[in-house]
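Only one structure is covered here, and it is reproduced in the block below.
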Amino acid sequence: MQQSLFQITENTPLTETVWRMRLTGNTSAITVPGQFVNLKIGGLFLRRPISVCDCVGDTLTLVYKVVGHGTEKMKGMQAGEMLDILTGLGNGYDLTPVREHALLLGGGVGVPPLYMLAKRLIAEGKRVSVILGFNTKAEVFYEEEFRALGAACVTVATADGSYGVRGFVTDAMAGIDYDYFFTCGPEPMLRAVYRATATEGQFSFEERMGCGFGACMGCSCKTVTGYKRICKEGPVLKKEEILWQN
């Protein structure tokens, strides 16, 4: 974990509720896709955890959804402002199990961390198929960004059928041959992916966090090997260790 000051260089909307923020600063602690950062926002006691979308040199890209007081304040931030950020948080994705073809499934704001993952896998010469799930066409973002990376296939599913495949990410899996998968999104989607996949894979979980680095134990969840902290041992867990709670 590393605490640094970052300067905002861009903060623009991608949809009505989803924004992209780019910042410059010391990104040396961000080493693998799937990690997150914790932002200190003026007037709020707890930091806000945001997944890392991309990290190139000293440039950090965050894609976030405006859902509460913290992200509402983020939306109003301007280029040139400084943010106190904890970086290098969380256990990210492990790319080594992929043999040839990886399937990436993201739902809503679970899409951003898959971007850096796709970039790394493609750089390693792996074939990557991507399925992005949203409620409606108006919520779709980063489809073209994944295509620009060179993904073998990018499919969008919308629950209302207004764009792409009608239904959920699992409805768009038919016909895709893969040897490993990665996923990130809301828990109902993760449960559905768990049931629909036949191979091993990794799941990135969303959870309310107090400290963000394992001290408060507030985000602990039970796994087949005991309790694990989503902010420390997670947010990425392997399929075989997940124990779903009723």
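One residue alone among 157, 192, 148 is surrounded by fewer than 17 Cβ atoms within 10 Å (Cβ to Cβ) and either not in a strand (DSSP E or B) or not hydroxyl-bearing (Ser, Thr, Tyr) (or both), and that residue is 148. You will find that of 42, 57, the residue that is in contact with a Ser or Thr (Cβ under 9 Å, 6 or more places away or on another chain) and either over 19 Å from residue 1 (Cβ atoms) or at pLDDT below 95 (or both) is 57 and no other.
Every residue, every condition in (1) closer than 23 Å to residue 184 by Cα; (2) surrounded by fewer than 19 Cβ atoms within 10 Å (Cβ to Cβ); (3) among the aliphatic types (A, V, I, L, M), yes or no:
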| site | (1), (2), (3) |
| --- | --- |
| 1 | yes, yes, yes |
| 5 | no, yes, yes |
| 10 | no, yes, no |
| 15 | yes, yes, no |
| 19 | yes, no, no |
| 27 | yes, no, no |
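Does residue 128 satisfy the condition of being surrounded by 14 or more Cβ atoms within 10 Å (Cβ to Cβ), of a type outside the set (D, E, K, R) and farther than 29 Å from residue 245 by Cα? So residue 128 passes the test. Residue pairs whose Cβ atoms lie under 9 Å apart, sitting 6 or more positions apart in sequence or on different chains, and linking a residue in region 171-183 that is over 11 Å from residue 153 (Cα atoms) to a partner that is in a strand (DSSP E or B) and aromatic (Phe, Trp, Tyr), are 182/203; 183/203. Quick check on residue 68: is it outside the structural domain of residue 141 (by TED's automatic domain parsing), surrounded by fewer than 18 Cβ atoms within 10 Å (Cβ to Cβ) and touching a His at 6+ places or on another chain (Cβ under 9 Å)? Spelling it out, it is not the case that residue 68 is outside the structural domain of residue 141 (by TED's automatic domain parsing), surrounded by fewer than 18 Cβ atoms within 10 Å (Cβ to Cβ) and touching a His at 6+ places or on another chain (Cβ under 9 Å).
The values are calculated or read from the model by the stated rules, or taken from the named source; none is laboratory data. Because the structure is a prediction, the values reported are computed rather than measured. Don't worry about glycine lacking a Cβ; one is built from the backbone with ideal geometry, like all the others, and counts go over all protein chains shown.
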